[in-house]
Amino acid sequence: MKPTYWWTNAVFYELYIDRFAGNLAGLIDRLDYIKTLGIDCIHLLPHYPSPMFDDGYDVSNYRDVRSSLGTLSDFTSLIQEAHKRNIRVLTDLVLNHVSEEHPWFVEARCSKNNSKRDFFLWSDTGAELADSTNNFPHLKPSNWIKNIETNDYYFTSFYPQQPDLNWRNPEVLQEMLAVMDFWIAIGVDGFRLDAAAHLIKKEGTKSKGLPETHAVLKQIRAHLNIINPDVVMLAEVSDPPEISRAYFGDGNECHLVYHFQMSETLIMAEVKGEPGLIDAMIKRSYPIPPNCQWAAFLRNHDELSLHNTIEEDRVLLFDYADSEHKNTFKGNKGLSMRLASIFKKDSLKMKHSLETLIKLPASPIIYYGEELGMENDNTIGTQKDTRRYVRGIFEWDVAEEEIKNPNSLFSYVKKLLQERASFRLSNETLQIPEVPNEEILVR
């Protein structure tokens, strides 16, 4: 008999605290809505103090709450109130980089002799690591950013204001483990590991997915196994499943891994009317260790990544959803659009795609507002960072009407989640066999 793991069956709901409910107190007041929908775990997007160059992914203090959201006491109350409703809480943990305003970097950039200097990557020329991935080439020409104070360069994979940590320094690991311990003591049930593939940098490589990075993640998992084995690690890895599933290790690395290519596939299957694409993607995704699970989603807080999509399909999707290319990110490699905007509020397409997501052999993630058919808010982003278009304010007036309407999208999603809950109560796990059969989507 296979053991059951909470994360292999859970339904997640991803949200920005401020965008969804204003602040932590507001989110506590809205927990019953989340419970009514049928959610098992909320994923909180970054709640830490931050100058907000990257909507919180530039962290200036890992052990506090952004003042606009509330206090640590409010956060503790949220955990307690969520747990009373049998809702777990997963927080974002930004491992790869910090804000330039983080005290570690403030110290390190001022002197080459500072004790925090080796927490970061430095160069006198900016010529090293030339093959490393530049994740934001439209925002900076190089990963090396000039540091005036010491007349040299620091390395950053994303925004210039997000210096990368030096994960070859064992002190960095110890500091981050202490951060995780801090939040676990408050009651957090898991961590989404932002940019998990990028931790270790190495000359002559793309500095992505290196064996040394997997070794770090295994160390983190080993630590959690001692502290609390029910606390999960969710890896953000935007690669095909044949590569991404390496982040499960042998069941000794991450418990959950995002299935980015499934997101692309779910939407392309709907656009093209070819459900067989989904079956083929499922078959590519297994086997995985029995104590692990894919985390599947339709849309999230970032762009719909299309870098694994063939050019012909990319053109087709842009022609269908964004013919004027107003919502592109990184050229035509990403599409910053909510599900309802992609499908132009077509209720049948939204319902069908959400149903397919919820019935996948995976842990589904619903992005806040998806259950209402929320569309883009193109007043809050820029052409340089269109991702903000999908981060609008939750429409509570719409939600109140949707809850009352038995034929609404909300009611449809709620019913699907009730059916899923009933199914899993009579089955130990949604984990599928090593070779999925043709009826895998049929309950």
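Within the range 271-282, one or more residues are among the basic types (Lys, Arg), more than 27 Å from ASN9 (Cβ to Cβ) and touching a residue at least 40 places away in the same chain (Cβ under 8 Å).
Filtered by the rule that a residue be aromatic (Phe, Trp, Tyr) and over 13 Å from the mean Cα position of the chain (by Cα), the range 242-265 gives TYR247, PHE248.
Counting the residues of the range 276-294 that are closer than 26 Å to LEU316 by Cβ and either within 16 Å of the chain's Cα centre (by Cα) or modelled with pLDDT under 95 (or both) gives 1. Which residues, taken from the range 78-126, are of a type in the set (D, E, K, R) and within 30 Å of TRP6 (Cα to Cα)? GLU81, LYS84, ARG85, ARG88, ASP92, listed by residue number. Taking the stated definitions as given, is ARG117 basic (Lys, Arg), modelled with pLDDT of 95 or more and more than 20 Å from GLU101 (Cα to Cα)? Criteria not met by ARG117.
Against the test of being of a type outside the set (Gly, Ala, Ser) and free of Cβ contacts under 8 Å to residues at least 24 places away in the same chain, the options ASP302, ASP319 yield a single qualifying residue, ASP319. Across the range 315-353, the number of residues qualifying as in contact with a strand residue (DSSP E or B) (Cβ under 9 Å, 6 or more places away or on another chain), outside any loop (DSSP other than H, G, I, E, B) and not polar (S, T, N, Q) comes to 8. Do the conditions hold for ILE267, that is, is it in contact (Cβ under 8 Å) with a residue 40 or more places away in the chain and buried (at least 18 other Cβ atoms within 10 Å of the Cβ)? Against the criterion (in contact (Cβ under 8 Å) with a residue 40 or more places away in the chain and buried (at least 18 other Cβ atoms within 10 Å of the Cβ)), ILE267 qualifies. Of the candidates LEU177, LEU173, LEU199, the single residue that is at pLDDT 95 or above and buried (at least 23 other Cβ atoms within 10 Å of the Cβ) is LEU199.
Looking across the range 205-263, the residues that are crowded, with 17+ Cβ neighbours inside 10 Å and without any contact (Cβ under 8 Å) to a residue 24 or more places away in the chain come down to LEU210, SER244. Within the range 70-78, can one find any residue that is among the aromatic types (Phe, Trp, Tyr) and farther than 28 Å from ILE184 by Cβ? Among the residues of the range 70-78, not one is among the aromatic types (Phe, Trp, Tyr) and farther than 28 Å from ILE184 by Cβ, which makes the answer no.
Residue count for the range 330-347 under the criterion of being of a type in the set (Gly, Ala, Ser) and under 13 Å from GLU264 (Cα atoms): the result is 2. Screening ASP239, ASP194 for residues that are in the same structural domain as ARG284 (by TED's automatic domain parsing), over 30 Å from GLN80 (Cα atoms) and within 18 Å of the chain's Cα centre (by Cα) leaves exactly one candidate, ASP239. In the range 389-398 there is no residue that is charged (D, E, K, R), at pLDDT 95 or above, surrounded by fewer than 19 Cβ atoms within 10 Å (Cβ to Cβ) and more than 24 Å from TYR16 (Cα to Cα).
The rows are residues; the columns are (1) more than 22 Å from TYR258 (Cα to Cα); (2) out of contact with any helix residue (DSSP H, G or I) (no Cβ under 7 Å at 6 or more places or on another chain); (3) buried (at least 17 other Cβ atoms within 10 Å of the Cβ).
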| site | (1), (2), (3) |
| --- | --- |
| ASN151 | yes, yes, no |
| SER157 | no, no, yes |
| PHE182 | yes, yes, no |
| ALA195 | no, yes, yes |
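Every test in (1) more than 30 Å from ASP189 (Cα to Cα); (2) of a type in the set (D, E, K, R); (3) within 17 Å of the chain's Cα centre (by Cα) is passed by GLU303 save one, and that test is (1).
Residue count for the range 112-144, restricted to those that are part of a loop (DSSP other than H, G, I, E, B), buried (at least 16 other Cβ atoms within 10 Å of the Cβ) and among the hydrophobic types (A, V, I, L, M, F, W, C): 3.
Exactly one residue out of GLU401, GLU419, GLU371, GLU434 is of a type outside the set (Lys, Arg) and at pLDDT below 95: that is GLU434.
For the range 379-388, the set of residues classified as out of contact with any strand residue (DSSP E or B) (no Cβ under 8 Å at 6 or more places or on another chain), under 26 Å from PRO141 (Cα atoms) and modelled with pLDDT under 95 consists of ILE380, GLY381, THR382, GLN383, LYS384, listed by residue number. Against the condition in a loop (DSSP other than H, G, I, E, B) and crowded, with 20+ Cβ neighbours inside 10 Å, how does ARG299 come out, does it pass? So ARG299 fits the description; yes.
The values are calculated or read from the model by the stated rules, or taken from the named source; none is laboratory data. Everything numeric here is computed off the predicted structure, so don't read it as measured data. With ideal geometry, Cβ positions are generated from the backbone for all residues, glycine too; neighbour counts draw on all protein chains shown.
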